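Trainee: Have a look at the structure that comes next, please.
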């Protein structure tokens, strides 16, 4: 696939991990912390697509994984969910980036090949069918206005953003779309990886 200039990548790593009961960013899969794995995925996606945009990490982190040189962008209003993280990152990266690909830290089976499928699609909002994240969002003023209004309103969700901007959907490759939010989901993922 061709070059995808002007697109940045943000690793969403600001969740509180309440359901997990511990900070899932530092859980280790195949010997690698999820935050490091997501950073490596962002790097691989940037290399594969030859995008020129910056890679950032969204969230309040006391430290970064070894070798990670990303700029950390803290949410403007902490503990308000991923839509607030998206709003804050869009404000920080516009106008240098035309769009931002948001990769959640808790989907460790995503691949650069799959993420490229989002980046090459045109549209103000692009996501996999049936999933809110990962998502590619335009930094245009109109899109930022919609995200800001949603973040301030009662429908503070990525789903509301998808609905408000008539998002483009891409068919999901189900084996890559594993999301881990609870100890049970984490245990199931670890067992499935050990069985391979």
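Here, each number is a calculation from the coordinates, and none is a lab measurement. The shown structure was predicted, so the numbers you read here are calculated from the model rather than taken from an experiment.
Trainee: In square nanometres, what is the average projected area of the Cα convex hull of region 79-157?
Mentor: Here the figure is 5.6 nm², rounded to one decimal.
Trainee: Of 143, 69, 51, which has the largest mean-square fluctuation in a 10 Å C-alpha GNM of the chain?
Mentor: Highest fluctuation of the listed residues: 69.
Trainee: If you take the Cα Rg of region 7-194 and divide it by 2.2 N^0.38 Å, with N the number of residues, what do you get? Mind dumping the intermediate values first?
Mentor: On the way: Rg = 15.3 Å, N = 188, 2.2 N^0.38 = 16.1 Å.
After normalising by residue count via 2.2 N^0.38 Å, the value is 0.95.
Trainee: Here is a follow-up. Normalise the Debye intensity by I(0) for region 22-128, one equal point scatterer per Cα, no solvent, then take log10 at q = 0.10, 0.20 Å⁻¹ and round to two decimals.
Mentor: The Debye formula, applied to the Cα set alone, gives -0.28, -1.21.
Trainee: Of 21, 148, 123, which is the most mobile in a GNM of the chain whose springs link Cα atoms less than 10 angstrom apart?
Mentor: Residue with maximal mean-square fluctuation among 21, 148, 123: 21.
Trainee: Let me ask something additional. Which values of log₁₀ I(q)/I(0), to two decimal places, follow from the Debye formula for region 132-193 at q = 0.18, 0.24, 0.26 Å⁻¹ with a uniform point scatterer at every Cα?
Mentor: Scattering profile of region 132-193, log10 relative to I(0): -0.78, -0.99, -1.07.
Trainee: Tell me the mean residue ellipticity at 222 nm calculated for the chain from its helices only (DSSP H runs of n ≥ 4, each -39500 (n - 2.57), averaged over every residue, nearest 500). Spell out each step's value before the answer.
Mentor: Numbers: 6 runs with 67 residues, N = 196.
So the helix-based figure for the chain works out to -10500 deg cm²/dmol.
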